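Have a look at the structure below before the remarks.
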Amino acid sequence: MNAPHEDPRFAAAIALIGRTGAKSTQIRYSDDEQPVVWMAVAEYPRGRWDAAAGRDPLTAVLRLCETLMDGGTCAHCGRPTGFDADDQDFDQLGTDAIICWTQWDPELKTFRRHCKGS
């Protein structure tokens, strides 16, 4: 397993969680039984929490981003939101899509929404 800091999507995903309004983000693991399970936990105001799990820290953080982003409403363009963690070419889903996708931009090394700037 590669260390999370070796994949630039890890830090970008943590930053994205912060942009959703999280007060804090934690990475935890449980090794009580096999396999080891990693959890990404975000704390929000008024005692609200969200969490997701995976076999490694990166998967857990990306799944939390998906949980937080999918099915929301973009505050900028009003379209439904979706999250795509794949490191394919940015904008491969198209800017005229029904969904405002937040997708990995490898050039800028960040997750950004497709309606940015429009």
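Bear in mind these aren't lab numbers, they're just calculated from the coordinates by the rules spelled out. A quick note: this is a predicted structure, and the numbers were derived from the prediction, not measured. Using ideal geometry, Cβ is built from the backbone for each residue, glycine included, and neighbour counts are taken over all protein chains shown.
Tabulated results
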item: Max mean-square fluctuation residue, GNM over the chain, Cα-Cα springs under 10 Å, options L68, L16, L108; result: L108
item: Cβ-based net charge around E43, under 9 Å, with every Lys or Arg adding one and every Asp or Glu removing one; result: +1
item: Residue order, fewest to most surrounding Cβ atoms within 10 angstrom, among H114, H76; result: H76, H114
item: Amide H contacts under 5 Å for A85, placed H, 5+ residues apart; result: none
item: Cβ-placed point charges (K, R +1; D, E -1), dipole of segment 4-113 about Cα centre in debye, nearest 20; result: 640 debye
item: Sorted by Cβ neighbour density within 10 Å, fewest at the top, the residues R9, R19; result: R19, R9
item: Isolated Cys residues of the chain, judged by Cβ distance under 4.7 Å to other cysteines; result: C65
item: Most mobile listed residue (D32, D56, D105) in the chain, GNM with C-alpha springs under 10 Å; result: D32
item: Folded to 0 to 90 degrees: helix 57-69 orientation relative to the chain principal axis, Cα; result: 40 degrees
item: Kirkwood hydrodynamic radius of the chain, Cα pairs, Å; result: 14.8 Å
item: Ranked list, fewest to most other Cβ atoms within 10 Å of each Cβ, for W49, W38; result: W49, W38
item: Backbone HN-Hα couplings from phi across segment 34-48 [Karplus 6.51/-1.76/1.60, Hz, Gly and Pro as x]; result: 9, x, 5, 10, 9, 10, 10, 10, 10, 9, 10, x, 6, x, 8
item: Distant-in-sequence amide H partners of R79 (H built 1.01 Å from N, under 5 Å); result: C74
item: For the chain, the longest site-free run once GluC sites (Glu not before Pro) in DSSP loop states with at most 10 other Cβ atoms within 10 Å are removed; result: 34-106
item: Candidates Q103, Q34, Q26: whichever shows maximal mean-square fluctuation once the chain is modelled as a Gaussian network with Cα springs under 10 Å; result: Q34
